[in-house]
Amino acid sequence: MNKAFDGPTGTALNLAWHNEFAGLGEPFYTRLAPTPLPSAYWVARSDKVARLLGLEPAWADSDASLQALTGNRFIDGTDPLASVYSGHQFGVWAGQLGDGRAILLGETGAGLEVQLKGSGATPYSRMGDGRAVLRSSIREFLASEAMYGLGIPTSRALCITGSDAPVRRETVETAAVVTRVAPSFIRFGHFEHFSSREQYDDLRTLADYVIRRYYPACASSEKFAGNPYANLLEAVSERTAVMVAAWQAVGFCHGVMNTDNMSILGLTIDYGPFQFLDGFDPAHICNHSDNQGRYAYNKQPNVAYWNLFCLGQALLPLIGEQELAIAALESYKAVFPAQLEDRMRSKLGLLEARDEDRQLIDATLRLLASEQVDYTIFWRRLSRYVADGATPAAAVPVRDLFIDRAAFDAWLLQYSQRIEAQDAAAAGLSMLATNPKFILRNHLGEEAIQRAKLKDFSGVHTLLRLLDNPFDEHAGFEAQAGFPPDWARSIEISCSS
């Protein structure tokens with residue numbers, strides 16, 4: 001492997017590095033070094049992720065760390081590579097894809113893979129420059145940590161480093177590198193790649209690796225006649241169902257749910273044109289490039305199943321029987337609605353399940369959609385209403401969100417009758433720990449990005465602190481928990497990054 005980085009070699013990050021993915025063999029990747037960037041500087045760092053990796057407290061004080069995580073310095077013990085995969089993009093088979101601007105450094109002793117995103121061109125860049133820009137890097141960094149703070153399965157982000165090196169997108173922007181962390185970055189598309197090429201030995205190698213590392217129970221389960229690959233498909237389906245239910249409950253839109261952006265571990269990955277809902281519009285499309293609305297908020301659950309069906313097709317040469325694959329996929333249809341109902345029941349503070357809860361959940365969502373009421377503010381105010389004793393006076397801030405007061409009053413009567421026999425204090429505390437006060441709204445990210453372009457990263461740091469603990473009150477930061485300004489509607493996010 002070429003280790004000719006633009007800088008001295010040596011230990012920059014003192015971790016027990018290895019790279020088990022590299023042991024799969026050369027059909028799975030290309031070894032290469034990141035492409036250096038000039039005059040690197042820190043933009044933001046996550047102390048939580050640093051501790052997760054086992055880094056020493058002073059890790060970020062080292063220029064060697066800065067250079068290594070920008071791709072300018074080799075880290076002893078790492079084995080950098082870019083992996084190959086294929087996939088369906090916007091429902092159309094796109095053929096070979098791969099890590100076009102991400103390089104896997106290796107795996108730490110904590111069992112976590114570390115990637116540099118924006119680290120230069122690879123053989124899979126498809127005429128791209130392999131770079132990421134400051135704008136999108138800030139969004140991905142903050143989104144990763146925000147989702148973790150919300151308790152949603154996700155990749156993590158250790159840091160962002162920046163450079164004044166120009167990168168051309170719609171306009172000329174500056175370069176940045178995000179250090180991403182996850183147990184694995186293997187995607188549905190990895191399986192599609194080898195299956196579509198009829199490289200079945202490699203497909204089996206990949207599936208056996210994933211089962212051994214991440215789904216060991218699939219090897220010994222007697223379900224599906226002891227077929228480990230059908231067991232794997234079912235396990236991935238269930239994890240995906242849990243993830244998407246969490247998205248729907250918190251009002252998160254991924255924006256580009258291609259099969260190559262779907263984690264085999266049921267993690268939220270590849271934060272591009274994502275958005276947390278402002279007003280509750282079930283048909284909201286957050287990706288300006290999604291002209292057909294394929295990835296609208298209310299279509300995400302069905303798209304996830306469609307993607308799992310593609311994974312099932314890819315695994316079929318190993319599963320052997322189509323009936324087994326279809327049966328394995330059925331778990332999604334059971335787990336997703338049950339998970340979503342549980343999460344919505346928690347948002348409503350319903351401490352014990354009842355048969356009529358589904359009707360109340362549906363009525364709540366219809367009420368919000370009728371006026372596109374701010375999704376996060378409604379749930380937070382409702383939480384406070386219950387925590388404050390569910391009195392008429394406590395209902396006023398919630399009622400003020402609606403123009404049709406009669407419709408709200410009718411709903412509130414139904415809701416109040418459902419919760420009146422509960423311990424209001426316990427329900428209120430549960431709701432305040434379920435319905436966040438702070439989310440990464442588009443306008444908050446945009447304000448932080450505009451300041452960061454002037455080398456003022458304080459907005460990024462403030463948002464990271466709030467989003468790390470989104471259920472806390474954070475006195476003095478009410479503006480970040482308020483309604484979006486009118487100009488927020490003009491923000492356009494697309495696949496360009």
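Would any residue of segment 125-148 have its amide N under 20 Å from a label point 7 Å out along Cα→Cβ of Asp47? List them or say none. Once the point is set 7 Å along Cα→Cβ of Asp47, 141-148 turn out to lie under 20 Å by backbone N, inside segment 125-148. Local charge for Ala246 was computed over the other residues whose Cβ lies under 15 Å away, with Lys and Arg +1 and Asp and Glu -1, and equals +1. No disulfide-compatible partner, judged by a Cβ distance under 4.7 Å, exists for the following cysteines of the chain: Cys159, Cys218, Cys310, Cys495. Against the chain, whose longest principal axis comes from its Cα atoms, helix 405-419 is set at around 80 degrees. With respect to the chain, whose longest principal axis is taken over its alpha-carbon atoms, helix 134-149 is tilted by about 60°. Mean sequence separation of contacting Cα pairs (under 8 Å, at least six apart), scaled by the length of segment 350-432, corresponds to a relative contact order of 40 percent. The angle between the Cα long axis of helix 322-347 and the longest principal axis of the Cα atoms of the chain comes to about 50 degrees, rounded to the nearest 10. Under the criterion of Cα pairs below 8 Å and six or more residues apart, the relative contact order for the chain equals 14 percent.
Taking a Cβ cut-off of under 15 Å around Arg51, the surrounding Lys, Arg, Asp and Glu residues balance to a net charge of -1, with basic ones at +1 and acidic ones at -1. Only helices enter the 222 nm calculation for the chain: every DSSP H run of n ≥ 4 contributes -39,500 (n - 2.57), and dividing by all residues gives -13500 deg cm²/dmol, rounded to 500. Converting phi to 3J(HN,Hα) with the Karplus coefficients 6.51, -1.76 and 1.60 and the offset θ = phi - 60°, segment 252-258 yields 9, 10, 6, x, 8, 7, 6 Hz in sequence order, with x at every glycine or proline. The simple Förster model, with R0 at 22 Å and r as the Cβ-Cβ distance, assigns Val172 and Arg126 a FRET efficiency of 0.55. Computing Rg and the Kirkwood Rh from the Cα coordinates of the chain gives a ratio, Rg/Rh, of 0.98.
Rule-based calculations on the coordinates, nothing more; no lab input. Fair warning: this is a prediction, and the values are worked out from it, not measured in the lab. Cβ atoms come from the backbone with ideal geometry, glycine included; neighbour counts cover every protein chain shown.
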